[in-house]
Amino acid sequence: MRGMFTAGVTDIMMENGITFDGAIGVSAGAAFGCNFKSNQPGRVIRYNSTYCKDPRYAGLRSLIKTGNLFGAEFCYVEIPQKLDIFDEETFINNPMEFYVVCTDIETGEVIYHRCGDSENELEWFRASASLPLAAKPVEVDGRKLLDGGIGDSIPLRYFESIGYNRNVVILTQPKGFVKQKNKLVPIIRRVLKEYPKVAELLSVRHDNYNETIAYIEEREKSGEVLVIRPPVALNIKPVCRDPEELYRVYNIGRKVGEEMLEQIKDFLNK
């Protein structure tokens, strides 16, 4: 739910006509970020705050019944197709390329999927945001996939490798944050014993994340990357049933986006 911060920032961008040649999202950054390409400001905070108390949205009941903490049918079918419609036509016609990141749990390979290359785009978004222990692997286009953050939490290097040389990076942790080793790795290792590559990746994820942050800060100092981050820790739970809390984090994103608006424009116009 730290993704509410990102939604606040991207809503400010959309409201002010800021667009990009390409964007890439990981986990919540994929599930929420797709609304940037569909040009639907306000949609992320609207549907999350509207349905966060609905048992079909997320919770222990869904986890026990379906194996998914966030209800797959409700969140990825009912909401986008019926309750708060995702503008698929605008998404498809918008020339901005959009990539999502997933992890192939059988091979340990990080998959960078360009949207538009599959008939199962919503499944790719869901796979990118499917956390180990909190979701079943998502089978899409012949692969078994989980959260992209397992293999590459902040894919700046990948985006640079395919030609994007001036990038805006939105982080949901404040400057100085250091990721610690995941204490649940032994449990994940047992639950996903058929897929040892996942546990291997998770055991070093904190090191990879911290090294990537150091790289981002180097690029930030050189002026090649603009980083947008919250001023303080957002302190919101992964599953939040309080609309006021969601709006609190969303409004922090809006405030930071407004404060950095001219800086963003100047950076993109260089």
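Count, please, the residues in segment 136-162 that happen to be open to solvent by 60 Å² or more (accessible area, probe 1.4 Å), farther than 18 Å from residue 118 by Cα and charged (D, E, K, R). So the count comes out to 2.
With respect to the conditions (1) within 25 Å of residue 32 (Cα to Cα); (2) open to solvent by 20 Å² or more (accessible area, probe 1.4 Å), residue 225 lacks only one, and its number is (2).
Might you check whether a residue that is in contact with a strand residue (DSSP E or B) (Cβ under 9 Å, 6 or more places away or on another chain), part of a loop (DSSP other than H, G, I, E, B) and open to solvent by 60 Å² or more (accessible area, probe 1.4 Å) occurs anywhere in segment 84-93? No, because not a single residue in segment 84-93 is in contact with a strand residue (DSSP E or B) (Cβ under 9 Å, 6 or more places away or on another chain), part of a loop (DSSP other than H, G, I, E, B) and open to solvent by 60 Å² or more (accessible area, probe 1.4 Å). Got at least one residue in segment 63-79 being farther than 25 Å from residue 118 by Cα, open to solvent by less than 30 Å² (accessible area, probe 1.4 Å) and in a helix (DSSP H, G or I)? Looking for residues that are farther than 25 Å from residue 118 by Cα, open to solvent by less than 30 Å² (accessible area, probe 1.4 Å) and in a helix (DSSP H, G or I), one finds none in segment 63-79, hence no. Scanning segment 238-270 for residues that are among the polar types (S, T, N, Q) and touching a residue at least 12 places away in the same chain (Cβ under 8 Å), we see that the one that is surrounded by the most Cβ atoms within 10 Å (Cβ to Cβ) is 251. For the condition of a type outside the set (Ser, Thr, Tyr), open to solvent by 70 Å² or more (accessible area, probe 1.4 Å), in a loop (DSSP other than H, G, I, E, B) and at pLDDT 95 or above, residue 181 does not qualify. In segment 172-193, what residues are β-branched (Val, Ile, Thr) and farther than 30 Å from residue 255 by Cα? 185, 187, 188, 191, listed by residue number.
Considered as a group, the residues in segment 96-113 that are within 15 Å of residue 36 (Cα to Cα) and in contact with an Asp or Glu (Cβ under 8 Å, 6 or more places away or on another chain) include one that is surrounded by the most Cβ atoms within 10 Å (Cβ to Cβ), and that residue is 97. Residues that are without any contact (Cβ under 8 Å) to a residue 24 or more places away in the chain and closer than 30 Å to residue 270 by Cβ were ranked within segment 184-216; the one that is most open to solvent (accessible area, probe 1.4 Å) is 211.
Of all residues in segment 1-26, those being more than 20 Å from residue 88 (Cβ to Cβ), surrounded by fewer than 24 Cβ atoms within 10 Å (Cβ to Cβ) and among the hydroxyl-bearing types (Ser, Thr, Tyr) number 0.
The values are calculated or read from the model by the stated rules, or taken from the named source; none is laboratory data. All figures in this text were calculated on a predicted structure; none of them were measured in a lab. Glycine also receives a Cβ, built like all others from the backbone with ideal geometry; neighbour counts cover every protein chain displayed. Heads up: the accessible areas ignore ligands, DNA and RNA and are worked out on the full protein's heavy atoms, side chains in. Shrake-Rupley method; radii C 1.70, N 1.55, O 1.52, S 1.80 Å.
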